[in-house]
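Let me begin by presenting the structure, written as structure tokens, before commenting on it.
Any read-out appearing in this document is the output of simple, stated calculations on the displayed coordinates, not a laboratory observation. Since the structure is predicted, the reported quantities are computational estimates derived from the model, not experimental observations. In this analysis, Cβ positions are derived from the backbone assuming ideal geometry, glycine residues included, and neighbour counts consider all displayed protein chains.
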Amino acid sequence: MEKYTNIFKDSYAGYFNYLLQEITTFHWENYFYGLILVSLVVWGLEVAFPWRKDQKIFRKDFWLDTFYMFFNFFLLNLIVLIFLSNASEALFNDLLGFAGIKLEDFQLVNLNALPYGLGLFVFFIVSDFVQWNTHRLLHRVPFLWNFHKLHHSVKEMGFAAHLRYHWMEPIVYKSLLYIPLAIIGGFNVADVAIVHFFALTVGHLNHANLGWDYWLLKYVFNNPKMHIWHHAKELPENHKYGVNYGLTLSIWDYIFKTNHIPYEGRDIELGFEGDEDFPKSFLKQEGYPMTK
């Protein structure tokens with residue numbers, strides 16, 4: 001028990017110091033200013049090339065989504081995720097230890113031993129595929145869907161809608177991603193930052209008020225014209241749980257036949273069945289799954 005108490009203390013002290021350093025210093029893998037820079041660039045693209053020209057620059061729930069963006073990206077880590085991540089890792093290693101197994105026994109390949117570009121590519125592909133499957137679970141499992149409804153409560157798409165989600169979601173994502181990444185080995189912080197900022201940029205673009213599909217690259221990368229159908233209120237009969245689950249890559253949807261772009265979806269209604277009764281305020285939205 002003392003071990004986990006120390007993990008709790010070290011996690012919060014370490015993350016607080018990290019967050020303070022992120023705000024007060026600038027370096028290329030700085031997540032705080034990186035988030036601001038990516039957001040301003042994508043927002044600027046929305047203003048310059050709006051797909052829905054009658055949508056206001058400060059669209060419906062713009063400030064709520066902006067709050068979610070910073071809360072989920074930074075404060076959520078401070079409040080919940082850092083301790084849970086560190087504690088889960090320690091617990092997993094302890095359970096393996098009781099069984100006489102070492103984490104290294106699971107490792108199929110050490111990405112750091114591969115050529116740099118190849119190792120980073122494998123890391124990105126594995127991460128994105130696991131997250132694609134996790135996203136499907138959020139739609140198919142009723143318990144998880146109650147948490148994921150928050151993200152689908154967006155009624156007007158914009159870049160900041162990307163990070164409107166319940167605090168439970170990253171716990172699910174990180175938990176399911178932990179073992180696959182342990183099997184392939186990890187990268188240092190700077191390398192992970194490359195993948196993270198790329199995924200952040202694509203995610204912002206997917207939710208932005210932009211009518212882009214990247215031409216032939218639409219079969220590889222998720223895009224605004226594809227992702228808007230993921231948020232459609234009316235789903236096709238043969239895909240009652242959802243479509244277009246891709247986060248960064250769209251290729252998984254084309255491979256596993258969950259792609260759906262019947263026509264240009266610029267003006268389709270967004271949301272989910274019964275969303276008119278979904279809470280409008282931050283605190284009530286966070287508490288919604290506990291009432292269902």
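So here's what we get for this one:
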item: Residue match in the stretch 162-174 (condition: among the charged types (D, E, K, R), surrounded by fewer than 19 Cβ atoms within 10 Å (Cβ to Cβ) and under 16 Å from Tyr241 (Cα atoms)); result: no
item: In the stretch 245-263, the residues that are touching a residue at least 12 places away in the same chain (Cβ under 8 Å), over 14 Å from Trp145 (Cα atoms) and in a loop (DSSP other than H, G, I, E, B); result: Gly246, Leu247, Thr248, Ser250, Thr258, Asn259, His260, Ile261, Pro262
item: Residue count, the stretch 145-171 (criterion: out of contact with any strand residue (DSSP E or B) (no Cβ under 9 Å at 6 or more places or on another chain) and part of a loop (DSSP other than H, G, I, E, B)); result: 7
item: Among residues of the stretch 264-278, those that are assigned to a loop (DSSP other than H, G, I, E, B), in contact with a strand residue (DSSP E or B) (Cβ under 7 Å, 6 or more places away or on another chain) and buried (at least 17 other Cβ atoms within 10 Å of the Cβ), counted; result: 1
item: Filtered residues of the stretch 134-188 (kept if among the small types (Gly, Ala, Ser) and in contact with an Asp or Glu (Cβ under 7 Å, 6 or more places away or on another chain)); result: Ser153, Gly158, Ala160, Ala161
item: Number of the exception - Lys174 against (1) over 24 Å from Ser281 (Cα atoms); (2) assigned to a loop (DSSP other than H, G, I, E, B); result: (2)
item: Enumeration of residues in the stretch 130-171 that are more than 16 Å from Gly287 (Cα to Cα) and of a type in the set (Phe, Trp, Tyr); result: Trp132, Phe159
item: Scan of the stretch 193-237 for residues that are surrounded by fewer than 17 Cβ atoms within 10 Å (Cβ to Cβ), touching a residue at least 40 places away in the same chain (Cβ under 8 Å) and among the aliphatic types (A, V, I, L, M), ordered by number; result: Ile194
item: Within the stretch 133-153, tally of residues that are under 16 Å from Leu235 (Cβ atoms) and either touching a residue at least 60 places away in the same chain (Cβ under 8 Å) or hydrophobic (A, V, I, L, M, F, W, C) (or both); result: 9
